[in-house]
Amino acid sequence: MNIPYGVCACLYSGIAHEIQYLKSQIKNDQKITEIDLRLFNNVKEAVDWYKENCIISSRYVEEEFATLEEIINNYKNKC
């Protein structure tokens, strides 16, 4: 599958934005809602698709998602 660079660039920025949003929810001591957990699952799905189809620079989103996943798991363990 040949994905245009512009599509990959927009996906990249959208994924990065959602990761930062979710991280900020936890850092600002906001309660994680069901909507946030759904968003987390959507981001996981997007990162996996991005990794497979937009190989250009997936390293950043993979690293950022791994950090987010750790934060989410720690948050869930505290509750």
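Assorted remarks:
- Of all the residues in the range 45-70, those that are β-branched (V, I, T), open to solvent by 40 Å² or more (accessible area, probe 1.4 Å) and part of a helix (DSSP H, G or I) number 1.
- Test: residue in the range 14-22 that is small (G, A, S), open to solvent by 40 Å² or more (accessible area, probe 1.4 Å) and modelled with pLDDT of 85 or more: no
- Residue in the range 24-44 that is in a helix (DSSP H, G or I), touching a residue at least 40 places away in the same chain (Cβ under 8 Å) and open to solvent by less than 90 Å² (accessible area, probe 1.4 Å) present: yes
The values are calculated or read from the model by the stated rules, or taken from the named source; none is laboratory data. What you are looking at is a predicted structure, and each value in this text was computed from that prediction instead of being measured. All Cβ positions, glycine included, derive from the backbone under ideal geometry; neighbour counts span all protein chains shown. Surface accessibility is based on the protein's heavy atoms, side chains included, excluding ligands, DNA and RNA. Shrake-Rupley method; radii C 1.70, N 1.55, O 1.52, S 1.80 Å.
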